[in-house]
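The values are calculated or read from the model by the stated rules, or taken from the named source; none is laboratory data. Since we're looking at a predicted model, the values are computed, not measured. Cβ coordinates were reconstructed from backbone atoms using ideal geometry, including for glycine residues, and neighbour counts include every protein chain displayed.
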Amino acid sequence: MRHYRISDQNPIKTKRLIITPLTAKQLSVLEAQEEDELLRGALVEMRKNVMDDHGYALWYTGWQVSLRNGGTPIGLLGFHGPTNDQTVELNYEIKEEYRGNGYCQEAVKALTNWAFGCDGVYFISVLSAKDNGASNHILEQLKYYRVESPVANQRVGTGTPCERVDVRLYVHWPSDRSQFWPDAVRQYGYRLCNRHRYRACTRFRT
């Protein structure tokens, strides 16, 4: 059985970025520095999961996004745990002052490719706020398809005490695994939204 220990993983390098999985100690440092209560809570949860499950730590930790030129940290990506029904859920955040430069798309693409190289990962899902046009555009550019599912139209909390947003569910799968889509429809209730159906069906025939 493959293990996903942080010590076994080299940083992922792209043209402009270095994406590094953080140890529990590094997460603790970020936690102490974080002023946003919601993000600090997420870092606490990451750290606890990394400490409790070393063998799957890469699926729980934050992956720090840094510029190759200078090493400045500009954001964080991460998963919500190991595969569940052949699916992992991805989340990401790029600091506001570095947005609009394509860094988020570059980082999400790199971690998406890494995840699809892992055993048992057939789908990657992302929840994105309905009114977050930049995030939704990035996902569509990377061929994440917006789907209709039981979670796609729910309202979820994104802050304290009661801030809430409508979300969309996006799912991505590599073209060589498109034969698994009918199973996803039956098992998880996914349905492609109308505006993506023709492109997706064309892709299935390849």
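Contact map, the range 40-64: first residue closer than 16 Å to Val88 by Cα and at pLDDT 95 or above, second residue acidic (Asp, Glu) and not in a strand (DSSP E or B), Cβ cut-off under 7 Å, separation 6 or more or different chains; pairs are Tyr60/Asp53. If only residues of the range 10-29 that are under 19 Å from the mean Cα position of the chain (by Cα) and without any contact (Cβ under 8 Å) to a residue 40 or more places away in the chain are counted, the one that is farthest from Val121 (Cα to Cα) is Leu27. Can you confirm whether Ile94 is surrounded by 17 or more Cβ atoms within 10 Å (Cβ to Cβ) and more than 19 Å from Leu22 (Cα to Cα)? So Ile94 does not fit the description; no.
Listed conditions (1) more than 20 Å from Leu142 (Cβ to Cβ); (2) in contact with a strand residue (DSSP E or B) (Cβ under 9 Å, 6 or more places away or on another chain); (3) of a type in the set (A, V, I, L, M, F, W, C) are all met by Phe116, apart from (1).
Filtered by the rule that a residue be within 11 Å of the chain's Cα centre (by Cα) and within 15 Å of Asn49 (Cβ to Cβ), the range 79-111 gives Phe79, His80, Gly81, Val88, Glu89, Asn91.
Table: residues versus (1) among the charged types (D, E, K, R); (2) outside the structural domain of His3 (by TED's automatic domain parsing); (3) under 30 Å from Val147 (Cβ atoms).
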{"residue": "Val29", "(1), (2), (3)": "no, no, no"}
{"residue": "Asp53", "(1), (2), (3)": "yes, no, yes"}
{"residue": "Thr61", "(1), (2), (3)": "no, no, yes"}
{"residue": "Val65", "(1), (2), (3)": "no, no, yes"}
{"residue": "Gly70", "(1), (2), (3)": "no, no, no"}
{"residue": "Asn84", "(1), (2), (3)": "no, no, yes"}
{"residue": "Cys104", "(1), (2), (3)": "no, yes, yes"}
{"residue": "Val108", "(1), (2), (3)": "no, yes, yes"}
{"residue": "Trp114", "(1), (2), (3)": "no, yes, yes"}
